Structures are given as structure tokens and as C-alpha cells.
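Single-structure report; data block below.
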Amino acid sequence: MLNKMDLCLFVFLLLPFVSSGSGDVYLITMEGEPVVSYMGGIDGFSATAEDSMEEMDITSESVTSYSLYLKRKHDELLNSLFEAKSYKKIYSYCHLLNGFSVHLTPEQAKALSKAPGVKYVEKDGKVRKLTTHTPQFLGLPTGVWPTGGGFDKAGEDVVIGLIDSGVFPKHPSFATYNTDPYGPLPRYRGKCEIDPETKRSFCNGKIIGAQHFAKAAIAAGAFNPAVDFPSPLDGDGHGTHTAAIAAGNNGIPVRMHGHEFGKASGMAPRARIAIYKVLYRLFGGYVSDVVAAIDQAVQDGVDVINLSVGPNSPPSTTKTTFLNPFDAALLSAVKAGVFVAQAAGNGGPFPKTLVSFSPWITTVAAAVDDRRYKNHITLGNGRILPGLGLSPATHANKSFDLVSVSDALLDSSVMKYNPLDCQRPELLNKNLVEGKILLCGYSFNFVSGTASIRKVCETAKILGAAGFVVAVESSYPGTKYDPVPVALPGILITDVSQTKVLIDYYNSSTKRDWAGRPTGFQATASIADGLAPILHNSAPQVALFSSRGPDVKDFSFEDADVLKPDILAPGSLIWAAWSPNGTDEANYEGEGFAMVSGTSMATPHIAGIAALMKQKYPHWSPAAIKSALMTTANTMDRAGRPLQAQQYSDTQMMTLSPATPFDYGSAYVDYINFLCSIPGVDPHEVSSITSSQCNATHGKPSDLNTPSITISRLVGTQTVKRTVTNVAETETYVLSTRMSPEIALEANPPAMTILAGSSKEISVSLTVRSVTGRYSFGEILMKGNRGHLVRIPVVAMGYSS
């Protein structure tokens, strides 16, 4: 039998041997408080926790020494277990988490998980991005900006941290030459990296910080510096776009192909931008790098974090969705007073597709706003076919002959190059195409991203065509067709039945010889002007792609008593700045602006609006800002009708159906109580991730004082309470309820007067009337005598006792 000393010696001798193979990056959580919550107790190290990050001096001796102490403990642990060259520590996390990330073999990770002081070991995972007119649509120029001193002061001295793919700093949306000078902001302590090519700083006052995080990606062997830019420079386009939506300069002309599509502005055009690059062209990003960026952003002193990124799926290594290093870091960020907005995900319209889970995060769904770009083509027989195309009209509105790409091939041997999607002009006969409208097919290459409308336009231009048509002959379920700005007259016909009309007309009008070769092109058409948008009163609608609830509490996708998403914002066809280096959208390569869609685009709208609220109410907590946003959000469209959500029909066609809170959507100790109240949760897991203990009495998840109520399993009657705080002048509110008939909803008291700055409690009872096997939706409305309307969404599913 081995004694304890022999066993220890055996382990130390084994680990260098097993560490020689290939490994992975792991995130490790350690015992002991991080800087943000350390209350003292270790000899020689005074407390570092403060009520807010504004009160914490990160340069103080106490913070510096305690941070170094934690890093030293991380290093000592690794050095005690492994040979020096058998592992590579990547980051030490000290401010929001006490832990580190390290490159290890699976055997080393297993050994580390058993070491004293180690709480949690998780293999690193990947994250991905969740890919002008909207300030007017949201009413900011006339409603919000004037209260902050106008657009030239909207967001003044508020810092938005963008954790994304970097920025193109030379873009006019971030320029300072036409604005009042940006003075120093001493409370922001972030650094500015130097561009390795130009040797100039990425910062200019508007951009106040710029850093990149790629150590985990490098350790994993995924990073290619020749492609991914080892700097904050945006090689994708996504980060530049989200930064401009949140805080881009006001009144920037959006010009492409000689046409101005309007003027762009960020939600908080005077706010400062701090860039934390974690996403890269080839592979997306890694959680270890994102956690490091979050930790650094809070340490630097940002007010708002915008996360247009998310994990590929719910975490599988924790029993509870909310208990993972990513969400734990964001919980500490909220504790430090930082508002966090995260994209809901683009897995809609299917349920349980969210990639943002926790109640302390503001999860943003995407809406279609009131602007649509439509176009049409008129055939020589008088038929008018609708389609999409941000293009000029054919010259002088004249009709031109149509020529199919299949009739313009140089010879049949080029079929091996898949020429029907018009991506390669060298495969086509210029003499046949010149002066005609080129008719192209829509192959799966467009869906996969290897073909683009932009390239079709380039082909048509090289061949001297008068315009082009791209026609969808076979539907691809889930495909999202967006209008693309082009320099030539062009249109995309997305309806397969309309494509059949076009092809039948072309075939019946084209003369052919005995071998089927064309001898005369008599089919004609003209393309209308599609440059001007059409405004609709049916906006907003929940976008088809926007991920839907209900929220899930674990990897088995069991429902959680948390309403997600939290709020809806414009996220479809959003014009904003783009990086000319960007490769994320083939249709916008080399351009300075792009019109793209995704909950990625919706999230910076909320981040920017949160910055405006932080400017007006600097001492509001993140929970207060979130509550104000959620309880005052509108659930009607511009025509006063209930919101609609885009869905798929049984035949995979896009339809509209009534939207539910699953479509559109507190104090730190309250969040801990929430985690402890989740049925089946392991209290040790809560403690491992949050460094906080569960009390003996912790209630139910629905007791969390959020501006919504969700009960995923309602049996009989359940009563929950909500505390509301009046941040305005004294006001009297009358309460009313609306609920699906299968659930009875009652709120008391029926009326109450809340003094300025005071709080009152509402008691809400839900009772099962009938069991339907589906969720029921309702709301509590508080109508004030000063004109304020507060809305609390209610969601429940009834079960028999």
C-alpha cells in the first residue's frame, strides 16, 4: 500500500509524462474572492470590494497587491503540479473571477480538478457573432436626445465597451474632426494599442480604448496573424458595425455606388467607445479570451458592455445554464455596476434557441423596423413580378432583351465551374450578353456564402449588360433573402412561383434551332427603381431569425422560470459603418457601410440607449436601467395593433402570428438567491462559480424581483411579489391585468400612490383554471395619473396537481 507521500510523489512523476500530447485550453475557478468582492480576511491584504467600480481605485496599493497575490497563487499551483514547459498559462482572472485559463492535456486537467483550492475546471469553448434610420424609428432625436442636451451631447462621458471583432478607426462614424473636442476622462483606465502597420494609436478621444485578446486562440492553434490581424483592427466588419450603431457620430452620410441612402447615427452619438477585440475572421472566438476582455473592460471602467456574441450552445459541463464562467463573469460585472446587453441569438423562429440565459443580462431580440426595400420587374407581356433590389432603374425606363446565362455560355465544357450563378464573367459570351438583362440562377452557393449578388453585378458590368435578374428556382428552407445595394439595375426574385412565370415567358419568347441553340431573343423586361425605402405602419415585427424563448435552465433544455428575451430592438437591415477590410459579408467587401441583419445589430441599440440612461441617471444600477427599459417598452406596432412575429408555416413559407413575450421579450444577493432556488441545483456548484453560499431558505426562482414574472410549472395557485420603485415625481397608479383564460391573474393592491424615490410591493397571484399543455401569456399594467404606463409581462404553464 502506498502512503500519502508515495502517492504525491507518484502524481508528480506521472504528470510530466502525460503532458507531452496535444491539449486544450481550460478555464479554472479557484477558491477565494476576486477583487470586486474581496472583503478582507487574508493577513497583509486589505479589503478591495466597494459599492461600485467608480469608488474602486484599481491603481491603489490594496487592489494591486491583492491582484498580484491571486496571480501568484495561480502560478504556485501550476508550478507545484506540472513541469514548467508542460503547460502554458494564458490569463489570470482577478477582478471579476478568481481563476485562470491554461493550456493542458486532458490528463493534466483531470489532475488539476482534484488539486486543493480548485473549485471548477471547464474545457474552453467557442463563441460566435450573432449577425441609419433607427434613431428616428425609436424616437431618440425628438424624445430622448433633447433631454441630454441634443445629439451633440447625447451620451457625453459615458463609456460603452464593445466586445466584438474590433474597429476600423478611420471611419467617419468615429472621427473627431467635425465635433467638439473630447477631453480626458480620468476614470477610464483602459489602454490603446498601437497599429503595427501605421505605428499610430487606435484611439482618438471618441475611441478611448482599443485592445485585442487572442491568447486562447493562439494556444488552441486557431489564430493566423496573416489573416486575423493581431491588433484591434476589424478584419470582419461586424465590430465596426455594432460600435457605430451604439455610439457612432450623428449625421454621417451613407453613400454607396453614387447614391446616398440616408444619414447614420449611433444611439448615443457622443458616448465614448472602448474596443475589446475577441472575434476573428477564420474561427470566431474563445470563451477564455471573452472572459479576459470582460474582466479587463470592467477593470478599465466601462459603464456599458455590448456583447453581440454568444456561445454555440448552452454550457454542457454545468448542471445549470447560469453557472458557467462566462455568465459568472457577467454577474460580477453587473455587481460592479456595469450594464450588460447581449444578443439573444439567431436561431429563430424556433423555441428554446436563445444563447443568452441569465437574468442579470439584458437579452435583446431583433425586430424588423418600418423600412422595407422592394422592387419589381416588368415583363414584355405586361406581367409585373415583385422582388428585392436596391438598384437604379434600367436606362430611361426602357425595356431590354433578356438573355439566360445558360444561353450565354461559351461552350458546354464550362458547366463544371457551376456558371449558372453568374460569378465568373470569363465563362460567358460577352457578344450575347452586352446590352441585355442577364438572367441568372440562385444556387446553394449563395446560401453557403461562396456566391454573392455583388459578384453577379460585377459580372454583368464586365460583360456590358443593361442589368441582371437572379431568380430562385428551388427554395432553401431557412434562407433569408436581403436586398443588396448594387450599381447596375438588378433584382432578386425570391418567390419560386414568380420565377416560373419569368422562365416560362423567356422560353416561349426565345427562338431556337433544331439543336436547341438560341437564334433570337425576344423576351424583354425593365427593372424599376428600388433605391427608395417603403415605410410600413406594421413595424415593428419580431424578425424571423431572432431566437425565441422559453429560457432553459440546463443542457437538457428544461424550462427556466426566467423570461427571455428581455427586450426587442431593431435588428433587420440595419445601415451602419463597415470596415473596408471586412470579410463577413461578401456583398460589402471594400465598402464603408453595410446593411446587415441579426440580433448582433439589435443589441447595440439597447447598449446605446442604456448609455443615454446612464448619462441622465448616473447612479442607477444595471438592474434599474434594465427594469426601466423593460417596463416601458411598447408591445404595439406603429398602427396601434399588437406586435406580430415572423414565423414559418407548415410549407416553410414566412407568415405572421401574434407575438408572445418569448419572442420579444435586482441586487446581487437576489441573483444568488435565484441561483440557489433553482430546483435540483447543487449548492456547491453555486458556491464554486459565485463564491457565495446558499442560505437555508431561498424561495423559488420566480421570486427574483425582475420586471417580469415567469412560472414554467404552475400547480394550483402561486403568489409572487414584486417591489416597484418610483424614480420620478409622486404618482398614483391603477393596476389592471390581462391573461389568457386558462390562467387566472390577480394583482393587489388595485391602486397605490408611490412617493418620489419610494417603493411599494405588489402581490401577484396566478391560479390554474384549465390545463392546456402550452404557455399562457398576460401582463400587469400600471397606469399613472401623470401619464406613465408600466408593463410587467406574465408567462405561465399550468399543470394539474
Looking only at residues in region 757-766 that are open to solvent by 50 Å² or more (accessible area, probe 1.4 Å) and not acidic (Asp, Glu), which one is nearest to GLY798 (Cα to Cα)?
-> LYS760
Output the residues belonging to region 430-447 that are surrounded by fewer than 21 Cβ atoms within 10 Å (Cβ to Cβ), in contact with a Leu (Cβ under 8 Å, 6 or more places away or on another chain) and assigned to a helix (DSSP H, G or I).
-> LYS430
Of the conditions (1) over 42 Å from the mean Cα position of the chain (by Cα); (2) surrounded by 22 or more Cβ atoms within 10 Å (Cβ to Cβ), the single one that SER399 does not satisfy is (2)
Determine which member of the set GLY590, GLY582 is touching a helix residue (DSSP H, G or I) at 6+ places or on another chain (Cβ under 8 Å), part of a loop (DSSP other than H, G, I, E, B), under 30 Å from ALA451 (Cα atoms) and modelled with pLDDT under 90.
-> GLY582
Residues being open to solvent by less than 40 Å² (accessible area, probe 1.4 Å) and within 15 Å of SER406 (Cα to Cα) - total across region 491-508 | 2
Report the residue count in region 236-262 for those that are assigned to a strand (DSSP E or B) and on the phi < 0 side of the Ramachandran plot.
-> 8
Count of region 470-524 residues which are in contact with a Leu (Cβ under 9 Å, 6 or more places away or on another chain), hydrophobic (A, V, I, L, M, F, W, C), part of a loop (DSSP other than H, G, I, E, B) and farther than 21 Å from ILE574 by Cα = 2
Answer with yes or no whether VAL25 is in a strand (DSSP E or B), in contact with a His (Cβ under 9 Å, 6 or more places away or on another chain) and either within 22 Å of PRO116 (Cα to Cα) or at pLDDT 85 or above (or both).
-> yes
Report whether or not VAL794 is open to solvent by less than 50 Å² (accessible area, probe 1.4 Å) and more than 21 Å from ASP551 (Cβ to Cβ).
-> no
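Residue check: is SER702 surrounded by 21 or more Cβ atoms within 10 Å (Cβ to Cβ), closer than 20 Å to ALA796 by Cβ, of a type in the set (Ser, Thr, Tyr) and modelled with pLDDT of 75 or more?
yes
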VAL771: passes all of (1) among the hydrophobic types (A, V, I, L, M, F, W, C); (2) under 19 Å from ASP703 (Cβ atoms); (3) open to solvent by 30 Å² or more (accessible area, probe 1.4 Å) but (2)
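To keep it simple, each residue is scored yes or no on (1) buried (at least 23 other Cβ atoms within 10 Å of the Cβ); (2) modelled with pLDDT under 85.
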site: THR599; (1), (2): yes, no
site: ALA611; (1), (2): yes, no
site: ARG638; (1), (2): no, yes
site: TYR648; (1), (2): no, yes
site: MET653; (1), (2): no, yes
site: ALA659; (1), (2): yes, yes
site: PHE662; (1), (2): yes, yes
site: TYR668; (1), (2): no, yes
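So, of the residues in region 263-287 that are among the basic types (Lys, Arg) and part of a loop (DSSP other than H, G, I, E, B), which turns out to be surrounded by the fewest Cβ atoms within 10 Å (Cβ to Cβ)?
ARG281
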Based on what the data block shows, is ARG548 buried (at least 18 other Cβ atoms within 10 Å of the Cβ) and more than 23 Å from PRO425 (Cα to Cα)?
-> yes
Kindly indicate the residue of region 716-733 that is more than 20 Å from ALA628 (Cβ to Cβ) and open to solvent by 60 Å² or more (accessible area, probe 1.4 Å) and also farthest from the chain's Cα centre (by Cα) among those meeting that condition.
-> THR717
Would you confirm whether any residue within region 234-251 is surrounded by fewer than 24 Cβ atoms within 10 Å (Cβ to Cβ) and β-branched (Val, Ile, Thr)?
-> no
The correct count of residues that are within 18 Å of GLU458 (Cβ to Cβ), part of a loop (DSSP other than H, G, I, E, B) and either touching a Pro at 6+ places or on another chain (Cβ under 6 Å) or open to solvent by 20 Å² or more (accessible area, probe 1.4 Å) (or both) in region 411-429 is 4
Inside region 57-80, the number of residues satisfying the requirement of being part of a loop (DSSP other than H, G, I, E, B) and at pLDDT 95 or above is 0
For residues that are more than 23 Å from LYS626 (Cα to Cα), under 24 Å from the mean Cα position of the chain (by Cα) and not in a loop (DSSP other than H, G, I, E, B), tally how many sit in region 347-387.
-> 2
Pair list, Cβ < 8 Å and 6+ apart or interchain, from region 604-625 residues that are β-branched (Val, Ile, Thr) to residues that are open to solvent by 50 Å² or more (accessible area, probe 1.4 Å) | ILE609/LEU138; ILE609/VAL144; ILE625/TYR617
Kindly establish whether ILE754 is at pLDDT below 95, open to solvent by less than 60 Å² (accessible area, probe 1.4 Å) and within 22 Å of THR710 (Cβ to Cβ).
-> no
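To keep it simple, each residue is scored yes or no on (1) open to solvent by 20 Å² or more (accessible area, probe 1.4 Å); (2) in contact with a helix residue (DSSP H, G or I) (Cβ under 8 Å, 6 or more places away or on another chain); (3) within 25 Å of GLN693 (Cα to Cα); (4) at pLDDT 95 or above.
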residue: GLU83; (1), (2), (3), (4): yes, yes, no, no
residue: ASN98; (1), (2), (3), (4): no, yes, yes, no
residue: LEU104; (1), (2), (3), (4): no, yes, no, no
residue: ALA109; (1), (2), (3), (4): no, no, no, no
residue: LYS114; (1), (2), (3), (4): yes, no, yes, no
residue: LYS123; (1), (2), (3), (4): yes, yes, yes, no
residue: THR131; (1), (2), (3), (4): yes, yes, no, no
Lone qualifier among ALA451, ALA460 - being in a loop (DSSP other than H, G, I, E, B) and of a type in the set (A, V, I, L, M, F, W, C) | ALA451
Single match in PHE17, PHE10, PHE45 (criterion: over 30 Å from PHE223 (Cβ atoms) and at pLDDT below 70) = PHE10
Selection within region 448-465 - among the aliphatic types (A, V, I, L, M) and open to solvent by less than 30 Å² (accessible area, probe 1.4 Å) = ALA451, ILE453, VAL456, ALA460, LEU463, ALA465
So, in region 735-751, of the ones that are of a type outside the set (Gly, Ala, Ser) and surrounded by 13 or more Cβ atoms within 10 Å (Cβ to Cβ), which residue ends up farthest from LYS626 (Cα to Cα)?
-> GLU742
Using the structure shown, decide if LEU331 is surrounded by 24 or more Cβ atoms within 10 Å (Cβ to Cβ), in a helix (DSSP H, G or I) and not small (Gly, Ala, Ser).
-> yes
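The values are calculated or read from the model by the stated rules, or taken from the named source; none is laboratory data. Given the structure is predicted, the values throughout are model-derived calculations rather than measurements. With ideal geometry, Cβ positions are generated from the backbone for all residues, glycine too; neighbour counts draw on all protein chains shown. These area figures cover heavy atoms from the full protein model, side chains too; ligands, DNA and RNA do not enter into them. Shrake-Rupley method; radii C 1.70, N 1.55, O 1.52, S 1.80 Å.
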